[in-house]
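One structure below.
The values are calculated or read from the model by the stated rules, or taken from the named source; none is laboratory data. Since this is a predicted model, take the numbers as computed values, not measurements. All Cβ positions, glycine included, derive from the backbone under ideal geometry; neighbour counts span all protein chains shown.
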Amino acid sequence: MENNTKKIRKMMLILSKATLDNVYACFILANGARMEGIESEIFFTFFGLESIQKDKLDHLHVATVGNPGMHIPTMLGGLPGMEAVATKMMKNKIEKLDIPPIGEFLEILSASGTKLWACKLAMDMFDLEEKDLIEDLDGVLTVGDFYERGQGDGTHVIFI
Amino acid sequence: MTERIYGGICVMCNDQGYMTQLDQWNKEVGSAIAQEEGIEMGDKHWQVIDYLQEQCRNEVPLTIRKIGKSGVVTIKEFYTLFPNGPLKKASRIAGIPKPVSCI
């Protein structure tokens, strides 16, 4: 029998996407962990890096093409302006729920003790330097470094 | 619903140990709950508790974001004052319901 008294000690989240819904899901999970007294860390890799790039983080979009959850026919989803309209609608909803915009959310996460790490390989791939990323970043790590931080009982890894 | 004794006063609590009647709360009750949570209360702690109770009386739902904008504490201070789940712990000490927000 599994020992169900073992508590979650740490959530290690890997964010690989730049769509607004994925980024918010990741941030809310990380923040929710801190609110419960659970440690949390985010590893930004591939397109997830967009959400910590100073000049990009305010311009993330929801996907209207290839996203059945939007209930917009694929052909219509590709029309000019569709993504902008859908994004604006989502941002309005988010603000009404008192969920902060991406930049402010990152500040809250950092102040709450969530560790924010950029993936070294993905940075090299996209020709990014640390100066392109937010000030609150805790550093640049390899996958090995990130796993090492997750050692010990009660650590969970989630890929988004 | 159970009755519990804090600071020599019998108060009504739900199953998770949150008080259900704010008018039964006083500072001694708050101190006793804080002790149970392993927190030693100082002036700054009480300022936060005052703020939380005021928000509760005005029926404003609490979030970490609101706390940060309250002007009472920064988010960093809030996590330092009430370690390991600050909003839940502070709400319990303040005698207000458990927060339902995820943010």
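Scan the range B:45-68 for residues that are surrounded by 14 or more Cβ atoms within 10 Å (Cβ to Cβ), within 14 Å of another protein chain (Cβ to nearest Cβ) and either without any contact (Cβ under 8 Å) to a residue 24 or more places away in the chain or over 20 Å from A:Phe105 (Cβ atoms) (or both) and jot them down.
B:Gln55, B:Lys66, B:Ile67, B:Gly68, listed by residue number.
Of all residues in the range B:41-62, which are over 20 Å from B:Thr20 (Cα atoms) and not acidic (Asp, Glu)?
Within the range B:41-62, B:Met41, B:Gly42, B:Lys44, B:His45, B:Gln47 meet the criteria.
With the range A:79-159 as the region, which helices (runs of 4 or more DSSP H) entirely inside it contain at least 3 residues that are of a type outside the set (Lys, Arg), closer than 30 Å to B:Glu77 by Cβ and without any contact (Cβ under 8 Å) to a residue 40 or more places away in the chain?
Of the helices (runs of 4 or more DSSP H) lying wholly inside the range A:79-159, those with at least 3 residues that are of a type outside the set (Lys, Arg), closer than 30 Å to B:Glu77 by Cβ and without any contact (Cβ under 8 Å) to a residue 40 or more places away in the chain span A:102-112.
Select from the range A:128-160 the residues that are modelled with pLDDT under 95 and at positive phi and list them in ascending order.
Across the range A:128-160, the qualifying residues are A:Gly152, A:Gly154.
Select, from A:Gly77, A:Gly69, the only residue that is surrounded by fewer than 17 Cβ atoms within 10 Å (Cβ to Cβ), more than 14 Å from every other protein chain (Cβ to nearest Cβ) and either in contact with an Asp or Glu (Cβ under 9 Å, 6 or more places away or on another chain) or not charged (D, E, K, R) (or both).
From the options A:Gly77, A:Gly69, the qualifying one is A:Gly69.
What is the number of the single condition among (1) within 30 Å of A:Gly150 (Cα to Cα); (2) within 14 Å of chain B (Cβ to nearest Cβ); (3) acidic (Asp, Glu) that A:Asp21 does not meet?
(2)
Considering only the range B:69-103, state which residues are of a type in the set (S, T, N, Q), free of Cβ contacts under 8 Å to residues at least 12 places away in the same chain and in contact with a helix residue (DSSP H, G or I) (Cβ under 8 Å, 6 or more places away or on another chain).
Answer for the range B:69-103, where residues must be of a type in the set (S, T, N, Q), free of Cβ contacts under 8 Å to residues at least 12 places away in the same chain and in contact with a helix residue (DSSP H, G or I) (Cβ under 8 Å, 6 or more places away or on another chain): just B:Thr74.
Output the residues belonging to the range B:70-103 that are in a helix (DSSP H, G or I), within 10 Å of another protein chain (Cβ to nearest Cβ), farther than 22 Å from A:Leu29 by Cβ and of a type outside the set (Asp, Glu).
Once the filter is applied, which keeps residues that are in a helix (DSSP H, G or I), within 10 Å of another protein chain (Cβ to nearest Cβ), farther than 22 Å from A:Leu29 by Cβ and of a type outside the set (Asp, Glu), the range B:70-103 yields only B:Thr80.
Just one of the numbered conditions (1) within 22 Å of A:Glu107 (Cα to Cα); (2) away from chain B (no Cβ under 14 Å) is not true of A:Arg34; which one?
Checking A:Arg34 against (1) within 22 Å of A:Glu107 (Cα to Cα); (2) away from chain B (no Cβ under 14 Å), the one that fails is (2).
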